[in-house]
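This report refers to the structure that appears directly beneath it.
The values are calculated or read from the model by the stated rules, or taken from the named source; none is laboratory data. Note that the coordinates shown come from a computational prediction; the quantities given were computed from them, not determined experimentally. Cβ: placed from backbone, ideal geometry, glycine included. Neighbour counts: every protein chain shown. For the accessible areas, the whole protein counts, side chains as well, though only heavy atoms, and no ligand, DNA or RNA atoms are used. Shrake-Rupley method; radii C 1.70, N 1.55, O 1.52, S 1.80 Å.
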Amino acid sequence: MNGWAQLGVILLIGVVLYSVVKRIVQTRTENQYMQWFGEGKFDRILASIDSWKGKWLFPLYNRDHLKLQVAQMTNDKEQIDALLDKMLAMKTTPEQRKEIVMRAFEYFIYEQDRRKAKPLYQEIKQHFDKKTAHRARLMYEVYITHKGDLVDELLELAKTIPDSEKGTCYLLLAQSYKNKHDDQQQAYYEELAKQYL
């Protein structure tokens, strides 16, 4: 084996070892973050994300996504807004784009921020699958346009969707009854939603 071939083999081994070591460290760090989340040590997570190690292990989108989770856990609305604006302007993969658009849309819907929710709703209607677009329509009409005439549609939907989606559906029903000024039914579906969230 000549010198160039030996160098090639050494470089290949080096790249493989580097990838394996990085993956091991990444997995351990992710597990540490999960533990810190459970313990409420959000400052430690943020410090680690912004350290050289965090920047080495995780791409910018992933780091910002983690920061967004922390901001939502601590209910830091200013930080949530800033991160969502930044991530929506970021160049992303189609899957990442769908994820961040839906996350931002749902946040702005529950905040009843029509100005920020409307362009995301338009994007969802034009580029997302029918099921996602239907869900977005219900959320937009109930929370932003304050419709109360979707109760029957939501009650039918609640019968067919999996348990993992029932909490959101019952919250939509509660808000629909609020829009109809029916406090008793609103309270009933708010309590029902808590069983699934």
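Is there a residue being open to solvent by 90 Å² or more (accessible area, probe 1.4 Å), closer than 27 Å to residue 112 by Cβ and either in contact with a Cys (Cβ under 9 Å, 6 or more places away or on another chain) or not small (Gly, Ala, Ser) (or both) anywhere in the range 76-92? So far as the range 76-92 goes, yes, one or more of its residues are open to solvent by 90 Å² or more (accessible area, probe 1.4 Å), closer than 27 Å to residue 112 by Cβ and either in contact with a Cys (Cβ under 9 Å, 6 or more places away or on another chain) or not small (Gly, Ala, Ser) (or both). Residues that are open to solvent by less than 70 Å² (accessible area, probe 1.4 Å) and over 16 Å from residue 52 (Cα atoms) were ranked within the range 19-32; the one that is farthest from the chain's Cα centre (by Cα) is 19. Would a scan of the range 26-33 turn up a residue that is over 23 Å from residue 83 (Cα atoms) and at pLDDT below 80? Checked the range 26-33: no residue is over 23 Å from residue 83 (Cα atoms) and at pLDDT below 80. Could you list, in sequence order, the residues of the range 149-160 that are among the β-branched types (Val, Ile, Thr) and surrounded by 14 or more Cβ atoms within 10 Å (Cβ to Cβ)? If the condition is that a residue be among the β-branched types (Val, Ile, Thr) and surrounded by 14 or more Cβ atoms within 10 Å (Cβ to Cβ), then 151 is the only one that fits. Does at least one position in the range 163-178 carry a residue that is under 21 Å from residue 80 (Cβ atoms), open to solvent by less than 40 Å² (accessible area, probe 1.4 Å) and over 17 Å from the mean Cα position of the chain (by Cα)? Yes, because at least one residue in the range 163-178 is under 21 Å from residue 80 (Cβ atoms), open to solvent by less than 40 Å² (accessible area, probe 1.4 Å) and over 17 Å from the mean Cα position of the chain (by Cα). Based on what the data block shows, is residue 126 out of contact with any strand residue (DSSP E or B) (no Cβ under 7 Å at 6 or more places or on another chain), more than 30 Å from residue 37 (Cα to Cα) and open to solvent by less than 70 Å² (accessible area, probe 1.4 Å)? Criteria not met by residue 126.
Among residues of the range 93-112 being closer than 20 Å to residue 143 by Cα and open to solvent by 40 Å² or more (accessible area, probe 1.4 Å), the one that is farthest from the chain's Cα centre (by Cα) is 112. Of the residues that make up the range 120-132, is at least one at pLDDT 95 or above and in contact with a Leu (Cβ under 9 Å, 6 or more places away or on another chain)? Scanning the range 120-132 turns up at least one residue that is at pLDDT 95 or above and in contact with a Leu (Cβ under 9 Å, 6 or more places away or on another chain).
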